[in-house]
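Worksheet: one structure, shown below.
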């Protein structure tokens, strides 16, 4: 069994057995799967670092999210997440407030994504200002064929109904200015995750994502 097969098999079994007794009985399997995922993340840090040097000194444990859920205020009392996730981003990995590269492995629901999710109000204002001023630059990024091959569009799980105060309602960027999040996402099937060309395809997606990340980060840090 390959490392990626080991990861997806453990997570598949966890989905149907998300309780503390099963997890305790399968703790060794979890440890093995987590170590395999840690090796995956280390590989991605090194390879992404070849074209985005801002992430190349991160450690895997800075990027990997805990599998344990905080269920204190949630109606969902399952104690564990049914996925492994890692955020490879400048200045802190999973704790970073910048745009980076997210790897999400979940049976029948894996994906790669990047961008900014749920920015604080001041950061959201800077992002909207940059999109308004540099609209043509962002359009050019999204029109590159590699980007179009990897992502359908920039998306936002939430959006305003009207252009926010302070921006012209007839701005060419009006629809993007309504966004509360700025995300790109690429689905990954279980078959793709365990295939021999997984790394090659994943890197092509993350490489296509970099100009988008750079645009957002320049807005946040400029």
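Values in this text are rule-based calculations from the coordinates and carry no lab data. Keep in mind it's a predicted model, so treat the numbers as computed, not measured. Quick reminder, even Gly has a Cβ in these numbers, built from the backbone with ideal geometry, and neighbours come from all protein chains shown.
Numbers below:
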{"read-out": "Linear extension gain, residue 39 paired with residue 146, 0.36 nm per residue minus alpha-carbon span", "value": "35.8 nm"}
{"read-out": "Residues 142, 2, 165 arranged by fewest to most Cβ contacts within 10 Å", "value": "165, 2, 142"}
{"read-out": "Degrees, to the nearest 10: 121-133 long Cα axis against longest axis of the chain", "value": "50 degrees"}
{"read-out": "Acute angle (nearest 10 degrees) that the helix 3-15 long axis makes with the longest principal axis of the chain, alpha-carbon atoms", "value": "90 degrees"}
{"read-out": "Modelled FRET efficiency - R0 22 Å, residue 72 with residue 159, Cβ distances, 0.05 increments", "value": "0.15"}
{"read-out": "Most fluctuating residue given options 67, 48, 183, as computed from a GNM of the chain linking Cα atoms under 10 Å", "value": "67"}
{"read-out": "Sequence ranges 16-23, 120-127, 99-106, ranked by mean other-Cβ count within 10 angstrom, highest first", "value": "99-106, 120-127, 16-23"}
{"read-out": "Gain on full stretching of the segment that runs from residue 170 to residue 21 - 0.36 nm per residue minus C-alpha separation", "value": "47.9 nm"}
{"read-out": "Residues residue 47 and residue 133, FRET efficiency given R0 of 45 Å [Cβ-Cβ distance, rounded to 0.05]", "value": "0.85"}
{"read-out": "The chain: proportion of alpha-carbon pairs further apart than 23 angstrom, %", "value": "51 percent"}
{"read-out": "Folded to 0 to 90 degrees: helix 27-48 orientation relative to the chain principal axis, Cα", "value": "40 degrees"}
